[in-house]
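Novice: Have a look at the structure that comes next, please.
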Amino acid sequence: MPALRIEKLRKSYGALPVLKGIDLSVENGDVVAIIGRSGSGKSTMLRCINGLEPFQEGSIEVAGHRVEGSSSRLRELRKEVGMVFQGYNLFPHLNVADNITLAPRVVKGVPRAECDALVQQVLSRVGLEEKAGAYPDELSGGQQQRVAIARSLAMKPKVMLFDEVTSALDPELTGEVLKTIAELAEAGMTMVLVTHEMSFARRVATRTVFMHEGRVWEEGLSETFFSSPQTPELQSFIAPNLN
Amino acid sequence: MMDSFGWPGVEFLFRGFMWTIGLSVITFLAGAFFGLLFALGRALGPRWLRFAIGGYIQLVQATPLLIVVFLAFYGLSFVGLYFPPLAAAAISLTVYATAFLADIWRGCIEAVPRTQWEAADSLALSRMQRLRYVILPQAFRIALGPTVGFMVQIVKNTSVTALIGFVELTRAGQLLNNMTFQPFHVFLTVAVMYFAACYPLSLSSETLKERKSASSTH
Ligand SMILES: Nc1ncnc2c1ncn2[C@@H]1O[C@H](COP(=O)(O)OP(=O)(O)OP(=O)(O)O)[C@@H](O)[C@H]1O
Ligand SMILES: [Mg+2]
């Protein structure tokens, strides 16, 4: 069973169709990069996958859960599907450790005694062991984003979704976040990441998907995808990035 | 009987002052209780509830407080519900404080960015958990300054209950003036007492607002 299977997904905002029949399947351990122009529906698709955004037609199955039904069923799904946002969205009133342990404690009932170990474990994966006591506004953007990744990891997700997680960062800070994601990929995490970092997609993603006008326009193994794009739309999209 | 303003007069005013404080505290506590419920209902409830609470807030905010006080005292006694001045004063001030606090706090709840809801949602928190652990603590910090600021309004506005004969500080001043005919001494002392209650509140309200805008949110 694939980690994620999207079939004939359609979504519109009012009269505006945004996703016009998406089919996509992601195997366990796959890293899939989603690229495409602004407004092509990348974020919308990602938000449909963990039920943040409702959709009208089609089906999504992720980590063994169908995206449908009551909010309590969606919560079961979200325990196993992590999401990291462009704007980090850390909880500003909580320090790093509490940001990380809030959901494990209140959602999964992880006892306080185990929390310190959990914090250290996930912070070491993002290289921020010494920041457990810091508040978000005391951290750089890159550090905040790595904490957000750690917070997501603390739920021990089977699949992680990343929406342009380096787009809000200064160029000199994107590297540390991309490095963290690359390490997760190496460790076998199943990930879907929307990104504008072409060279990163090429290097880290097993497959890359090009979305255009609400459709999966072209997809393939990252090695061949960038070197021999098939459609003129993809050719013109990646042309400025290749030299 | 006092026929000139002296220490007994100050004592008399001070008893009125204590009623002003007592009435303010009752008003604030009751207004905070209902105001929080109303703010939550207004920000997060079903459409009919938001509509109903919105209507209540608009109605109360558009009515002079004195009229609310008259309604509670004379109006309700007309339909057979007689409240003594203290009760009528407490009820009408609570009606008023509820509307304003609900409005202030709804704004504070809505001032917490939508992305905070989404982040908590993505971490599988239930609606109640999101409110309890993520939204309300942040809304509370935003609300502190304006809430303390509104306490000043409550203290000053208790003076309208003088008009239904509740002997708080303003009414005490009127009574004392009728006895002593020394309005300048009497009302200056009254003003000093209001100032003593309100100034520390205004001051801390300002510091709280500044501290928030200096971005330190924890
Ligand atoms: N909440 C919303 N209400 C109405 N329209 C929306 C909403 N969110 C997105 N859209 C529209 O849906 C379309 C797809 O948006 P989406 O955010 O998925 O694009 P994207 O591919 O992620 O773009 P970007 O690269 O700029 O992030 C756009 O036309 C956008 O204007
Ligand atoms: Mg987007």
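The values are calculated or read from the model by the stated rules, or taken from the named source; none is laboratory data. Remember, it's a predicted structure, so these values are computed and weren't measured experimentally. Please note: Cβ atoms are built from the backbone with ideal geometry, for glycine as well, and neighbour counts cover all protein chains shown. Areas reflect the complete protein model, heavy atoms only, side chains present, ligands, DNA and RNA absent. Shrake-Rupley method; radii C 1.70, N 1.55, O 1.52, S 1.80 Å.
Novice: For region B:131-205 and region A:187-243, what is the separation of their Cα centres, given in Å?
Specialist: 65 Å
Novice: What residues have an amide H closer than 5 Å to that of A:L193, excluding those fewer than 5 places away on the same chain, when H is modeled at 1.01 Å from N in the peptide plane?
Specialist: A:V32, A:A33, A:I34, A:F162
Novice: Angle, helix A:96-108 long axis vs. longest principal axis of chain A, Cα atoms, 0 to 90°, nearest 10?
Specialist: Rounded to the nearest ten degrees, it is 80.
Novice: Compute the distance in nm between two label points, each set 7 Å from the Cα along the Cα-to-Cβ direction, one at A:Q235 and one at A:R66.
Specialist: About 4.3 nm, to one decimal.
Novice: Kindly provide the Kirkwood hydrodynamic radius of chain A in Å, to one decimal, from all pairs of distinct alpha carbon atoms. Don't skip to the end; give the middle numbers.
Specialist: Numbers: mean 1/r = 0.0542 Å⁻¹.
In chain A this quantity evaluates to 18.5 Å.
Novice: Arranged from highest to lowest average of other beta-carbon atoms within 10 Å per residue, in what order do the peptides B:70-79, B:25-34, A:47-56 appear? All intermediate terms of the calculation are to be shown ahead of the outcome.
Specialist: Numbers: B:70-79: 15.4, B:25-34: 17.9, A:47-56: 19.7.
Output ranking for B:70-79, B:25-34, A:47-56: A:47-56, B:25-34, B:70-79.
Novice: Something else about it: Output the residues of region A:79-101 meeting this criterion: accessible area (heavy atoms, 1.4 Å probe) in the chain alone minus accessible area with all protein chains in place is 20 Å² or greater.
Specialist: Buried by 20 Å² or more upon assembly, which counts only protein chains, are A:F85, A:N89, A:F91, A:P92, A:H93.
Novice: Got a sec? Charge dipole of chain B, +1 on Cβ for Lys and Arg, -1 for Asp and Glu; which of B:V192, B:V60, B:F12 is way out at the positive end?
Specialist: B:V60
Novice: More than 40 Å apart: what percent of Cα pairs in the protein assembly as shown qualify? All intermediate terms of the calculation are to be shown ahead of the outcome.
Specialist: On the way: 42341 of 106030 pairs.
Percent of Cα pairs beyond 40 Å in the protein assembly as shown: 40.
Novice: Which value, in Å², gives the accessible area per residue of region B:7-216 when a 1.4 Å probe is used on the protein heavy atoms? It would help to have the intermediate numbers written out before the result.
Specialist: Numbers: 10610 Å² over 210 residues.
That works out to 51 Å² per residue.
Novice: Now, a different point. Helix A:141-153 versus the longest principal axis of chain A: what angle, 0 to 90°, nearest 10, using Cα atoms?
Specialist: Helix A:141-153 sits at roughly 90 degrees to that axis.
Novice: Still on this structure, please answer the following. Sequence gap at least 6, Cα distance under 8 Å: using those rules, report the relative contact order of chain B to the nearest whole percent.
Specialist: Values: 247 pairs, mean separation 68.4, N = 218.
Relative contact order comes out at 31 percent.
Novice: Peptide A:154-161: average number of partner chain Cβ atoms within 10 Å per residue? Display every interim value, and only then the final one.
Specialist: On the way: counts 1, 3, 0, 1, 0, 0, 0, 1.
That works out to 1 on average.
Novice: Tell me, what is a quarter of the convex hull surface for the C-alpha atoms of region B:7-216, in nm² with one decimal?
Specialist: Working: hull surface 56.7 nm².
Computed as one quarter of the Cα hull surface, the answer is 14.2 nm².
Novice: Taking the Cα centre of region B:7-216 as the origin and placing charges on Cβ (Lys, Arg +1; Asp, Glu -1), which of B:F166, B:I104, B:L40 is farthest toward the positive end of the dipole?
Specialist: B:L40
Novice: Comparing the chain by itself with all protein chains present, which residues of region B:90-129 are at least 40 Å² less accessible (probe 1.4 Å)?
Specialist: For region B:90-129, once contacts with the other chains are taken into account, B:Q116, B:E118, B:A119, B:D121, B:S122, B:L123, B:A124, B:L125 lose 40 Å² or more.
Novice: Moving on to the next point. Please give the per residue volume of the convex hull enclosing the alpha carbon atoms of region A:185-243, rounded to a whole number of Å³. Intermediate values should be presented prior to the final figure.
Specialist: Numbers: hull volume 5.1 nm³, N = 59.
In region A:185-243, the Cα hull volume divided by residue count equals 86 Å³.
Novice: Charges on Cβ only, +1 for Lys and Arg, -1 for Asp and Glu, centred on the Cα centroid of region A:89-156; of A:C115, A:S140, A:A97, which one is farthest towards the dipole's positive end?
Specialist: Farthest along the dipole direction, towards plus: A:C115.
Novice: Calculate the spin-label point distance for A:R10 paired with B:V25, positioning each point 7 Å from the Cα along the beta-carbon direction, and give it in nanometres.
Specialist: Distance between label points: 6.5 nm.
Novice: Next question. Could you pull out every whole DSSP H run in chain B that spans at least 15 Å of Cα extent along its own axis and averages 0.5 or higher on the Kyte-Doolittle scale?
Specialist: B:7-44, B:85-111, B:136-157
Novice: Continuing with this model, one more query. Roughly speaking, what is the stretch gain from B:S204 to B:R114, that is 0.36 nm per residue apart minus the C-alpha to C-alpha distance, in nm to one decimal?
Specialist: Details: separation 90, 0.36 × 90 = 32.40 nm, distance 2.91 nm.
Extra length available between B:S204 and B:R114 comes to 29.5 nm.
Novice: Counting only protein heavy atoms and a 1.4 Å probe, tell me what percentage of the protein assembly as shown's accessible area is made up of carbon and sulfur.
Specialist: Working: 12700 of 21470 Å².
Of the solvent-accessible surface of the protein assembly as shown, carbon and sulfur hold 59 percent.
Novice: Additional query: Given A:K108/A:K179; A:K8/A:K156; A:K79/A:K158; A:K8/A:K79, which pairs have Cα atoms separated by over 20 Å?
Specialist: Values: A:K108/A:K179 29 Å; A:K8/A:K156 29 Å; A:K79/A:K158 9 Å; A:K8/A:K79 25 Å.
Violating the 20 Å limit, Cα to Cα: A:K108/A:K179; A:K8/A:K156; A:K8/A:K79.
Novice: Report the accessible surface area buried between chains B and A, summing both sides, using a 1.4 Å probe on protein heavy atoms only, in Å² rounded to the nearest 100. Don't jump to the answer; show the numbers that get you there.
Specialist: Details: alone 12250 and 11190 Å², together 21470 Å².
Its buried surface, counting both partners, is about 2000 Å².
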